[in-house]
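The values are calculated or read from the model by the stated rules, or taken from the named source; none is laboratory data. Just so it is clear, the structure is predicted and the values come from calculations on it, not from any experiment. Cβ atoms come from the backbone with ideal geometry, glycine included; neighbour counts cover every protein chain shown.
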């Protein structure tokens with residue numbers, strides 16, 4: 001349920017989408033995209049294109065480990081020299097080489113459609129940029145929006161030629177009322193079984209529920225990266241006095257008296273949200289970046305690439 | 001507690017508004033937030049004491065009600081009378097006389113009238129609202145500035161619009177008027193705000209318990225011209241000016257008085273005046289053609305208005321004397337009159353016979369100047385270009401009926417309308433009545449021989465100047481409003497008076513004293529505040545009268561509109577002189593304060609404190625309620641501010 005637009009604070013239109021959408025991906029965007037792609041290519045130079053060492057063990061020329069023989073194992077993998085020396089059967093394990101997919105999970109809840117600059121527009125640009133880089137430098141890339149569940153999204157795309165399709169899709173993407181990341185993670189796990197790189201772009205309100213979803217994804221051995229989108233309004237909301245607050249997602253209303261002390265608490269709590277998210281990411285070796293909407297998307301993506309947090 | 005400004009209670013509507021706003025829960029601004037739960041989770045931290053928060057809201061409303069109530073009560077200027085002050089009908093008399101224009105050095109050089117206005121304000125603001133008010137101005141005449149009203153603000157407005165009068169005030173008349181107007185009123189009180197008006201007000205207060213004297217002012221530093229009067233000295237051809245100064249201060253004053261005629265200095269008189277005393281001097285003014293005499297003091301004091309005074313010097317003109325006598329008896333009188341060049345206008349004077357008199361009289365009183373209706377008739381053709389006589393001397397003859405206006409000397413006869421001649425007195429002796437009279441000054445008749453006199457029984461009241469040994473009037477003056485007749489009831493020629501100095505002196509005194517001045521259109525002097533009107537009807541077809549108002553600093557040309565053969569000039573607010581031109585004749589009038597008491601500006605002390613007697617609020621009973629209410633309101637605002645900002649905190 002969307003709150004009426006006339007209830008928004010001056011200067012903080014919650015619905016500036018129509019104007020943004022028309023100029024979401026312009027020619028300048030494509031130019032910036034190509035620049036980012038060149039940067040990404042330099043970073044992955046010297047490696048085999050589209051290949052990443054898999055955490056799975058499989059058939060390749062690179063040895064990884066031994067294990068005891070069990071019935072059914074391929075006899076060709078038995079290490080006979082070890083048997084001669086130790087008198088026990090061991091099989092050789094090799095690192096499996098497989099295709100690497102990039103999954104960009106994009107939060108399209110109503111809370112994202114907020115702020116000036118708009119968080120959702122900013123998130124879509126980042127998603128497009130990452131997907132483009134993934135299509136160019138990895139095996140495949142896909143952008144899958146989520147709200148209360150996982151949307152159909154785009155099928156896996158390969159090569160830069162899919163970029164227009166990607167942009168069309170993102171440009172026409174609408175927000176949905178609410179979000180449930182735990183359910184989203186569950187649906188993603190059932191849809192995508194092969195580990196890949198998963199980038200989650202969201203504002204991460206309701207971190208407790210989001211954390212459960214992140215845990216599920218983490219258990220699936222995905223290489224995860226979190227992008228928290230924040231707007232200046234959220235960091236320092238210009239609210240004072242007796243107000244009727246309206247939830248952007250649900251339209252629920254609540255009368256509140258916002259004083260200076262309460263604002264202090266809010267800022268501390270909002271800062272705490274980012275801090276908790278960052279602590280969680282560090283704990284489980286998950287990439288984390290905060291995308292401020294006032295920072296151009298290309299600058300943000302370049303930072304992510306240069307610091308090797310995504311492509312390393 | 002009584003409110004001095006109960007209209008403030010209308011603001012209680014604001015209190016109603018506060019309640020209404022709280023009841024309606026002040027309309028809040030709507031703001032969309034990305035995640036309301038996030039805010040609610042914060043609010044939840046502070047909603048531990050929900051009941052307390054609700055109470056705080058209620059307390060907030062109550063606090064605002066207290067604040068608003070305090071402010072409204074403070075606006076109403078409350079007083080704590082404790083039942084001592086009860087509603088009264090108060091007639092306020094504000095003295096607006098010249099002495100109230102005196103400035104007080106110790107009070108920012110404010111005029112006493114301004115201080116009186118402040119007193120009225122203090123009085124009207126310090127009394128309960130149920131009082132009924134009346135405001136009277138004590139100026140030249142008492143005037144009601146504000147009729148009875150319960151609105152004290154009207155009193156303040158009326159007194160604020162009061163303009164200084166600057167002339168003599170009549171406080172007694174104002175008190176009398178106030179007494180009449182307070183008849184039947186509830187607990188009446190007459191408050192006289194004045195400088196005492198030369199102790200008049202304390203006396204009034206002592207005589208009438210309802211009168212309360214509210215003294216204004218303190219200074220007595222004033223030296224003023226209390227009087228400036230002038231009389232012509234015809235025999236000398238000059239004027240004698242009597243000037244009176246009053247020193248109201250308690251110090252000896254040395255000053256100088258400058259006398260100017262038409263702006264030209266005539267004399268500077270040095271004066272030393274003892275404290276609270278007066279100084280008088282007669283100064284001779286040489287100004288044969290007349291003019292405006294101005295006297296001024298060079299001393300700066302509290303009251304500047306009485307530092308100058310004006311007087312009018314009417315031109316001294318020789319008298320036109322008609323001698324009506326038989327030709328054979330004329331010589332002696334003609335010689336006597338001819339020796340008085342400075343007093344008698346020889347060119348216009350006539351010697352005529354009794355037969356010629358009626359025609360000459362008619363000619364002198366031409367149709368443009370109608371002769372009195374009772375003038376004697378004559379068939380003779382009137383002569384033309386005759387000047388109207390100032391004095392007519394009838395020798396041995398009188399008309400059957402004397403003209404009703406004029407100055408006449410009758411010798412050896414008595415008009416029938418004045419007395420009856422019963423017989424003759426053979427060789428009576430002539431005795432002067434001891435009482436001094438201008439006509440008989442410097443004369444001695446001791447031993448004068450009279451050959452023949454007439455025994456006269458007077459019909460009219462007359463002043464007998466000389467009589468016989470038996471008391472028969474031989475020289476008497478009938479002084480009537482428009483006519484003077486000096487009657488000599490004996491034959492001068494057949495007496496030995498021609499050989500003595502007495503008769504020429506008597507004749508000189510008569511010509512100089514019984515000189516009818518040219519009629520002026522104005523009175524000689526007016527008091528400040530008087531309305532100047534012409535003394536008689538103006539010529540027909542006159543629409544405007546040119547006039548000039550002369551002050552020390554300026555001359556103002558005026559044009560006075562004429563309605564119904566008269567005009568009214570009311571701008572007599574300051575000392576000066578007024579000149580009007582009517583029919584080619586100039587008439588002058590002096591305008592002065594005209595009262596010595598106004599120069600005596602010492603303030604009469606009051607026997608009791610008026611503010612205490614009236615129960616006016618002050619000190620603890622006055623300022624404290626207002627201050628306390630304002631403080632409570634201020635504390636309430638601070639508390640509410642803190643409450644507002646701490647409302648969502650632990």
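General observations
- Scanning the stretch B:506-534 for residues that are more than 21 Å from residue B:322 (Cβ to Cβ) and either outside any strand (DSSP E or B) or more than 41 Å from the chain's Cα centre (by Cα) (or both) yields a count of 11.
- Qualifying residue in the stretch A:67-84 (condition: over 30 Å from residue A:235 (Cα atoms), surrounded by 15 or more Cβ atoms within 10 Å (Cβ to Cβ), out of contact with any helix residue (DSSP H, G or I) (no Cβ under 7 Å at 6 or more places or on another chain) and in the same structural domain as residue A:34 (by TED's automatic domain parsing)): no
- Qualifying residue in the stretch B:22-36 (condition: part of a loop (DSSP other than H, G, I, E, B) and at pLDDT 80 or above): yes
- Spans of helices (runs of 4 or more DSSP H) in the stretch A:1-113 with at least 2 residues modelled with pLDDT of 80 or more: A:80-86
- Taking the criterion of being in a loop (DSSP other than H, G, I, E, B) and touching a strand residue (DSSP E or B) at 6+ places or on another chain (Cβ under 7 Å), the residues of the stretch B:465-487 that qualify are B:468, B:469, B:472.
- Against the conditions (1) at pLDDT 80 or above; (2) not in a helix (DSSP H, G or I), residue B:639 satisfies every one except (2).
- Flag for residue A:124 being more than 14 Å from the chain's Cα centre (by Cα), assigned by TED's automatic domain parsing to the domain that holds residue A:203 and more than 18 Å from residue A:217 (Cα to Cα): no
- Residue that is surrounded by the most Cβ atoms within 10 Å (Cβ to Cβ) [pool: residues in the stretch B:305-315 that are over 15 Å from residue B:600 (Cβ atoms) and modelled with pLDDT of 85 or more]: B:309
- The lone criterion from (1) free of Cβ contacts under 8 Å to residues at least 24 places away in the same chain; (2) outside any loop (DSSP other than H, G, I, E, B); (3) more than 23 Å from the chain's Cα centre (by Cα) left unmet by residue B:558 is number (3).
- Counted as qualifying within the stretch B:210-325 are the strands (runs of 3 or more DSSP E) with 2 or more residues that are over 24 Å from residue B:166 (Cα atoms), namely B:223-233, B:238-247, B:253-261, B:264-273, B:277-285, B:321-324.
- Highlighted here are the strands (runs of 3 or more DSSP E) found entirely within the stretch A:178-269 that include at least 3 residues which are touching a strand residue (DSSP E or B) at 6+ places or on another chain (Cβ under 7 Å), more than 10 Å from every other protein chain (Cβ to nearest Cβ) and closer than 26 Å to residue A:293 by Cα: A:197-202, A:223-230.
- Any chance residue A:106 is touching a residue at least 12 places away in the same chain (Cβ under 8 Å), under 15 Å from the mean Cα position of the chain (by Cα), in the same structural domain as residue A:205 (by TED's automatic domain parsing) and more than 19 Å from residue A:36 (Cα to Cα): yes
- The test for being in contact with a strand residue (DSSP E or B) (Cβ under 9 Å, 6 or more places away or on another chain), in the same structural domain as residue B:98 (by TED's automatic domain parsing) and over 27 Å from residue B:576 (Cβ atoms) holds for residue B:149.
- Which numbered condition residue B:459 misses (of (1) buried (at least 16 other Cβ atoms within 10 Å of the Cβ); (2) in contact with a strand residue (DSSP E or B) (Cβ under 9 Å, 6 or more places away or on another chain); (3) farther than 27 Å from residue B:585 by Cβ): (1)
- Looking only at residues in the stretch A:138-159 that are over 17 Å from the mean Cα position of the chain (by Cα) and crowded, with 16+ Cβ neighbours inside 10 Å, the one that is farthest from residue A:192 (Cα to Cα) is A:158.
- Any hit, the stretch A:284-306, residues being in a strand (DSSP E or B) and facing chain B (nearest Cβ under 8 Å): no
- Of all residues in the stretch B:56-90 being surrounded by 15 or more Cβ atoms within 10 Å (Cβ to Cβ) and assigned to a loop (DSSP other than H, G, I, E, B), the one that is modelled with the lowest pLDDT: B:81
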